[in-house]
Amino acid sequence: MGITSADLHSKLKEFFGFDTFKGDQEKIIMHLVGGNDAFVLMPTGGGKSLCYQLPALVMDGTAIVISPLIALMKNQVDAIRGFVSGNDGIAHFLNSSLSKAQTNEVRTDLLSGATKLLYVAPESLTKPENIALLKEIKISFYAVDEAHCISEWGHDFRPEYRRIRSIIEEIGKAPVIALTATATPKVQSDIQKNLGMTDAKVFKSSFNRPNLYYEIRDKVDPKREIIKFVKQHPGESGIIYCLSRKKVEELAELLGVNGIKALPYHAGLDAKTRAENQDKFLMEEIDVIVATIAFGMGIDKPDVRFVIHYDIPKSIESYYQETGRAGRDGRGGSCIAFYSYKDIQKLEKFMQGKPVAEQEIGKQLLLETVAYAESNQCRRKLLLNYFGEDYPEDNCGACDNCLHPKKKFDGREEMALVIELVESMPEHFKTEHLANILAGTSNAMIKSYRHDELEFFGAGKEHSVRFWCAVIHQGIVLHLLDKDIESYGLISVTDAGRKFLAEPYALMLTEERDFAEGEDDDDEASSPVRGGGGDPVLLSMLKDLRSDLSRKLHLQPWILFSDASLEDMSISYPVTFDELKTCQGVGEGKAKKYGKEFLELIAKYVEENEIERPDDFVVKSVVNKSADKVFIIQSIDRKLPFEDIASAIGKDMDELMDEIDAIVFSGTRLNIDYYINQVMDDDVVDDIYSYFKEDAESDSLDAAMEELGPDYDEFEVRLVRLKFICEVAN
Ligand code: ADP
Ligand code: ZN
């Protein structure tokens, strides 16, 4: 054939409009057109597609591109058809979405030799009729895109990818080019082995993205921080990733309420909405897209200025690929991830019940993520090391750890203490429990095991529980401790840990961070400002006012406002009803009914003490109205039996009651009398009601059950408690 470099350059210009190749593109293409296998490792945005698109256009025959992303095939095919106008047969895709007529068209073009590029999903490749068809045509080469899907160590393993080699053998031999942006040595060798291309030339670009800034933040008040960040970068495009659809919806809405142009994107939206939202982002009608990982594969928006991970991803590969979508144009990009150990525990929970091998891999990948997040080393160095690349500088100048080094200390004694403790106990316990023992913090669990009588109890009381949690996490990361996922995270000591205990060596640990605590995503009404740390003087004034009022109204203080509500007031100094409603547990009814005096007191206090209220940006919260909640509220308005409501949303009665509690406790008033009258005796209702009105010291269900005794049914007590709160407190 004799394709020369000059040929390639002229085709590059003709088809793609580029004057020069990027990175190794030319070398890779020359290698492939010379009839050789190539293994291409390039970071996202490196220009992988061109490595097979261009040779496909210049070589004899049809190139088969195996790609897992059915959704993107059409885009790719359209793009190629755009380069060579008037010849739509030049590129096709073959997947389950095609009609019979469309499949026939593909067939005709393939057999006539018009088609230079055929995209196939691996599922379609394995179909006998497709194999038969491909056997009849001349194949220029095979491209395996997203080749990490072959490896169980990649983040989106596809079992059918493992069969590619045998199918290639069956269809007919031709050079193979495999491409991926995931380049850990493990994944790399897996791919090469499985594709039978261990002798292939490997083209590995540097994975360093010097224009990206990496930062991990403690997930303490992520919503507020995100709003602040986005507002400080007006007009810039950004992607925010969340792990769940629910969170995506919630966050997109919250951003909207706070004046940020944002839309959600996740697999649960219908195709039309998804396409519209994506287009609006690409066309810059909106600035921010809030998405699950489904978003971003194959979309090419060069000027994404920030990628925020609301939840830490489950592997470094995912993290790197997603952050890679920032700054493709070479200009700056900020990559900020929020991390809390709670999220890791959630991810671990997802793995329970999966096959052991998969669990082991998932656990390993997670552990690497924890290590990365908690590390005090240069993030860039860690990332590149992870991908088997050496980063020679000591300070990259563009990551949080380089810009703001964390305090470290020699933690050998602390680690030894933890290991000794774990070894001393016949049973295994979880991180928090161990940390409580060492810090000398007692609770019911500690007491029930009599661990407050251990010599270890309080042995490290000069440090906080959080500190000890951090030490234990770092012990896991260093493989001195092991954590069992199946048993919800029981900690044991590894061989390396025992060795360490026998002969402790210097161990640089990071001082405590806010890792132990994290925002609980399941919290209802996420308060605009986090609890604790309020104005103590104001708080005690608010409490005094509450006692006065409660005496006057003959109501228990908690019925007016809970402690949490008062604490929130002492932090955010609300002076209007709207502001008051952003405080935890304060709904419309409560604000109106009991709020006036509190607002007056706060306003006076603020003025007299010349307090600057945190009104730089008060995060407006969204009325929590997940689909289920809206449905429940509407159903109760329509007086449907609870049993029917529960079954309509696929929940049991307990779960339904939890949902209703959440609705009511965040301040919404419901009228459930119709149901109570139906299922309960009036006398019983009265008894329970008067307990809450006259005796209860809090809304605690446990306390109520204890006080009322075994004659009362817990479900009924819950019902009346709801009624009571709706009528009196809300
Ligand atoms: P990857 O698949 O590796 O993430 P893409 O193939 O999507 O990367 O390419 C990333 C961007 O680089 C695209 O916008 C593409 O048009 C551009 N690109 C690719 N090759 C060249 C080149 N030789 N010159 C200029 N831009 C290029
Ligand atoms: Zn750095």
Hey, among the residues in region 223-257 that are in contact with a strand residue (DSSP E or B) (Cβ under 8 Å, 6 or more places away or on another chain) and not in a helix (DSSP H, G or I), which one's surrounded by the fewest Cβ atoms within 10 Å (Cβ to Cβ)?
233
Tell me whether region 56-69 contains one or more residues that are away from ligand 1 (no atom under 15 Å from the Cβ) and under 22 Å from residue 300 (Cα atoms).
no
What is the residue count in region 354-377 for residues that are more than 14 Å from ligand 2 (Cβ to nearest atom) and either open to solvent by 70 Å² or more (accessible area, probe 1.4 Å) or among the polar types (S, T, N, Q) (or both)?
8
Looking at 385, 401, which one is open to solvent by 60 Å² or more (accessible area, probe 1.4 Å) and either modelled with pLDDT under 95 or in contact with a Cys (Cβ under 6 Å, 6 or more places away or on another chain) (or both)?
385
Whether any residue in region 153-162 is more than 30 Å from residue 312 (Cβ to Cβ), of a type in the set (Lys, Arg), more than 16 Å from ligand 2 (Cβ to nearest atom) and over 21 Å from the mean Cα position of the chain (by Cα) is what I want to check.
no
Residue 380: passes all of (1) within 16 Å of ligand 2 (Cβ to nearest atom); (2) under 17 Å from residue 341 (Cβ atoms); (3) open to solvent by less than 20 Å² (accessible area, probe 1.4 Å) but (2)
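Quick one: count up the residues across region 121-152 that are assigned to a helix (DSSP H, G or I), of a type in the set (A, V, I, L, M) and out of contact with any Phe, Trp or Tyr (no Cβ under 6 Å at 6 or more places or on another chain).
Residues meeting the conditions: 6.
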Pick out the one residue from 48, 27, 13 that is more than 24 Å from residue 124 (Cβ to Cβ), of a type in the set (D, E, K, R) and in contact (Cβ under 8 Å) with a residue 60 or more places away in the chain.
27
If we keep only residues of region 41-60 that are farther than 12 Å from residue 324 by Cβ and among the polar types (S, T, N, Q), then the residue farthest from ligand 2 (Cβ to nearest atom) is 53
Looking at region 180-198, can you tell me whether even one residue there is open to solvent by 20 Å² or more (accessible area, probe 1.4 Å), closer than 27 Å to residue 248 by Cα and among the β-branched types (Val, Ile, Thr)?
no
By residue number, the members of region 258-271 that are open to solvent by 50 Å² or more (accessible area, probe 1.4 Å) and not charged (D, E, K, R) are 259, 267, 271
Hits in region 404-421 - residues which are open to solvent by 30 Å² or more (accessible area, probe 1.4 Å) and away from ligand 2 (no atom under 16 Å from the Cβ)
407, 409, 410, 412, 413, 414, 417, 420
Taking residue 363, is it farther than 20 Å from residue 475 by Cα, of a type in the set (Lys, Arg) and outside the structural domain of residue 456 (by TED's automatic domain parsing)?
no
Starting from residues that are at pLDDT 85 or above and in contact with a Gly (Cβ under 8 Å, 6 or more places away or on another chain), keep the ones in region 468-478 and report whichever is surrounded by the fewest Cβ atoms within 10 Å (Cβ to Cβ).
471
Six or more apart or on different chains, Cβ under 9 Å: which pairs go from a residue in region 335-360 that's more than 30 Å from residue 304 (Cα to Cα) to one that's part of a helix (DSSP H, G or I) and open to solvent by 70 Å² or more (accessible area, probe 1.4 Å)? Could you list them?
351/358
Looking only at region 200-216, decide whether some residue is out of contact with any strand residue (DSSP E or B) (no Cβ under 7 Å at 6 or more places or on another chain), part of a helix (DSSP H, G or I) and within 16 Å of ligand 1 (Cβ to nearest atom).
no
Among 568, 615, 578, which is the only one that is at pLDDT below 85, part of a helix (DSSP H, G or I), surrounded by fewer than 16 Cβ atoms within 10 Å (Cβ to Cβ) and not assigned by TED's automatic domain parsing to the domain that holds residue 224?
578
Enumerate the pairs (first residue in region 667-686 and over 13 Å from residue 632 (Cα atoms); second residue anywhere and open to solvent by 100 Å² or more (accessible area, probe 1.4 Å) and not hydroxyl-bearing (Ser, Thr, Tyr)) with beta-carbon separation below 7 Å, excluding pairs fewer than 6 apart on the same chain, so at least 6 apart or on different chains.
674/639
Can you name the number of the only condition in (1) open to solvent by 10 Å² or more (accessible area, probe 1.4 Å); (2) within 41 Å of the chain's Cα centre (by Cα) that residue 141 fails?
(1)
Members of region 25-44 that are within 11 Å of ligand 1 (Cβ to nearest atom) and of a type in the set (D, E, K, R)
26
Only one of these is within 16 Å of ligand 2 (Cβ to nearest atom), without any contact (Cβ under 8 Å) to a residue 60 or more places away in the chain and open to solvent by 90 Å² or more (accessible area, probe 1.4 Å): 393, 453. Name it.
393
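The values are calculated or read from the model by the stated rules, or taken from the named source; none is laboratory data. These numbers come from a predicted model, not from an experiment. Glycine also receives a Cβ, built like all others from the backbone with ideal geometry; neighbour counts cover every protein chain displayed. To get the accessible areas, we keep the full protein, side chains included, count just its heavy atoms, and leave off ligands, DNA and RNA. Shrake-Rupley method; radii C 1.70, N 1.55, O 1.52, S 1.80 Å.
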